[in-house]
Amino acid sequence: SRFPGRAGGADGLSLSQEGRAKLSVCSKLCYAVGGAPYQTTGCALGFFLQIYLLDVAQLDPFYASIILFVGRAWDAVTDPMVGFFISKTSWTRFGRLMPWIIFSTPFAVISYFLIWFVPDISSGQVLWYLVFYCLFQTLVTCFHVPYSALTMFISSEQSERDSATAYRMTVEVLGTVLGTAIQGQIVGKADTPCIQSPVFLGETNSSVAMEEVNMTHDTGSLTDTKNAYMIAAGVIGGLYILCAVILSLGVREKREASELQSDEPVSFFRGLKLVMNHGAYIKLIAGFLFTSLAFMLLEGNFALFCTYTLGFRNEFQNILLAIMLSATLTIPLWQWFLTRFGKKTAVYVGISSAIPFLIMVVLLDSNLIVTYIVAVAAGISVAAAFLLPWSMLPDVIDDFKLQHPDSRGHEAIFFSFYVFFTKFTSGVSLGISTLSLDFAGYQTRGCSQPSKVNFTLKMLVSAVPVGLILLGLLLFKLYPIDEEKRRKNKKALQDLR
């Protein structure tokens, strides 16, 4: 059974210890719920922030690219910073990680709401969004880094951690569905005004075009759109708080779960050096860095692609929802697949399956039915991309512990630096992609876009992600922990404990 029950206690201490290592379904569910806030807010920001800054806040694409890049880059920097401070945190009666989750939550919710508020100021809007975007990224990091590291403190049994991770990934992908549904459906009900531009010439000057166009909707319509974004932010903020409460009440952090008999404390910087010299970790990062970047680039530009290139202005939120629903429903499939055929095989099959559909969506003529079919198929690959990195990282940590049995307390470093590299490169890519749209002549709040913009969007959601996926899979061949190695590590770790 995937959900093992309590072991009997009649056969002595070892069986008693094994029984205590088992996690109840309730504990796994409470743990899994904690993954929803990061994914729900991250999905809403990832899919909608770019189009919000350009068409609702009406920022110049150049400034929007600065906000997206600096916000993501700062988000990346905060991960190792928080990892460092967590490693210095003393254990309390609530644990070492849980206080970070509890105290960061209310401030994160407030800053998240203010990201989606359009201030009534003639200047300083760029600074407003930059400050609150960076502040929210800092606070959500104070939630997510300790939550990610909590995987190693809920049980000493690898099978239990893998099972809990599967629960967590299912809820996290469900969180992306909620983020997409709440944000998309609430905002989609508002009639966002656009500007009917004249026929685009090859070198149309955007400022001249803006002076000559007629508004297709009144100002009140834009106000309705702004209010819709704030309502969505309020709903998602309430969900964030609810999940944090369930996590803090339903999960007990076990100090002994991640400690070996010979553990001795090691300084953060020495631990960082050891982690960065661990070959399996570097190879895992190298492989998933590019595949994760491909999906983030797709996420950041897909709303614009659906709205302008495919012409589905009133359908894009439903297309995004189809992707995320498909991903949610196929997480159990990939969990079964990786236990049956191994995690490396699941990587190759799962992530590469997105390639033909990413190519199809730009080669075929714009067709709503075909787009929905492609969206459902792409969601299957998104599920694999969600599940596999977080399922494989604990294997790397176990391998590290066998090689360095005198080191402990570095779980947060592993998780935070993996996220650091992914977020920093995604910040660079999103900044570059928004600048590319600026150079192509993106028309703020335009009902349509020049052909150069449409071509750029096709590159950003198809050609570039496909190239990144292929590169990531090529690098992943160097990853040394296959199923045989994983089983040997599990047995050696049990002996060491």
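The values are calculated or read from the model by the stated rules, or taken from the named source; none is laboratory data. These figures come from a predicted structure and were not determined experimentally. FYI the Cβ positions are ideal-geometry reconstructions off the backbone, even for glycines, and counts take in every protein chain you see. Heads up: the accessible areas ignore ligands, DNA and RNA and are worked out on the full protein's heavy atoms, side chains in. Shrake-Rupley method; radii C 1.70, N 1.55, O 1.52, S 1.80 Å.
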query: Of these, 318, 314, which one is outside the structural domain of residue 173 (by the TED database), part of a helix (DSSP H, G or I), within 20 Å of residue 47 (Cβ to Cβ) and not β-branched (Val, Ile, Thr)?
result: 318
task: Identify all residues within region 323-334 that are open to solvent by 30 Å² or more (accessible area, probe 1.4 Å) and over 17 Å from the mean Cα position of the chain (by Cα); write none if there are none.
output: 329, 332, 333
Hits in region 106-138 (condition: in contact with a Phe, Trp or Tyr (Cβ under 7 Å, 6 or more places away or on another chain) and assigned to a helix (DSSP H, G or I)): 108, 109, 111, 112, 114, 115, 126, 134, 136, 137
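So, of the residues in region 290-322 that are β-branched (Val, Ile, Thr), in contact (Cβ under 8 Å) with a residue 60 or more places away in the chain and open to solvent by less than 20 Å² (accessible area, probe 1.4 Å), which turns out to be farthest from residue 445 (Cα to Cα)?
Selected residue: 291.
Yes/no matrix, rows are residues, columns are (1) closer than 30 Å to residue 482 by Cβ; (2) more than 19 Å from the chain's Cα centre (by Cα); (3) of a type outside the set (Asp, Glu):
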position	(1), (2), (3)
336	yes, yes, yes
345	yes, yes, yes
349	yes, yes, yes
365	no, yes, no
372	no, yes, yes
378	yes, no, yes
query: How many residues does region 366-376 contain that are crowded, with 19+ Cβ neighbours inside 10 Å and modelled with pLDDT under 85?
result: 1
query: Does any residue of region 455-463 turn out to be in contact (Cβ under 8 Å) with a residue 40 or more places away in the chain and either in contact with a His (Cβ under 6 Å, 6 or more places away or on another chain) or more than 24 Å from residue 285 (Cα to Cα) (or both)?
result: yes
- request: Scan region 89-105 residue by residue and report those that are in a helix (DSSP H, G or I) and in contact (Cβ under 8 Å) with a residue 40 or more places away in the chain.
  value: 98, 100, 101, 102, 105
message: Contact list please: Cβ distance under 6 Å, first residue in region 334-361 and touching a residue at least 60 places away in the same chain (Cβ under 8 Å) and of a type outside the set (Lys, Arg), second residue crowded, with 20+ Cβ neighbours inside 10 Å and outside any helix (DSSP H, G or I), pairs at least six apart or on different chains.
response: none
- line: In region 468-477, anything surrounded by 13 or more Cβ atoms within 10 Å (Cβ to Cβ) and either of a type in the set (Lys, Arg) or without any contact (Cβ under 8 Å) to a residue 40 or more places away in the chain (or both) is listed as none
message: If the requirement is being open to solvent by 20 Å² or more (accessible area, probe 1.4 Å), in contact with a Gly (Cβ under 8 Å, 6 or more places away or on another chain) and assigned to a loop (DSSP other than H, G, I, E, B), which of these qualifies: 405, 480?
response: 480
- prompt: Can residue 363 be described as surrounded by fewer than 18 Cβ atoms within 10 Å (Cβ to Cβ), touching a helix residue (DSSP H, G or I) at 6+ places or on another chain (Cβ under 9 Å), modelled with pLDDT of 85 or more and under 30 Å from residue 489 (Cα atoms)?
  reply: no
message: Looking only at region 410-459, how many residues end up being within 30 Å of residue 138 (Cβ to Cβ) and either of a type outside the set (A, V, I, L, M, F, W, C) or open to solvent by less than 20 Å² (accessible area, probe 1.4 Å) (or both)?
response: 24
query: When you look at residue 349, is it out of contact with any helix residue (DSSP H, G or I) (no Cβ under 6 Å at 6 or more places or on another chain) and either open to solvent by 20 Å² or more (accessible area, probe 1.4 Å) or not in a helix (DSSP H, G or I) (or both), yes or no?
result: yes
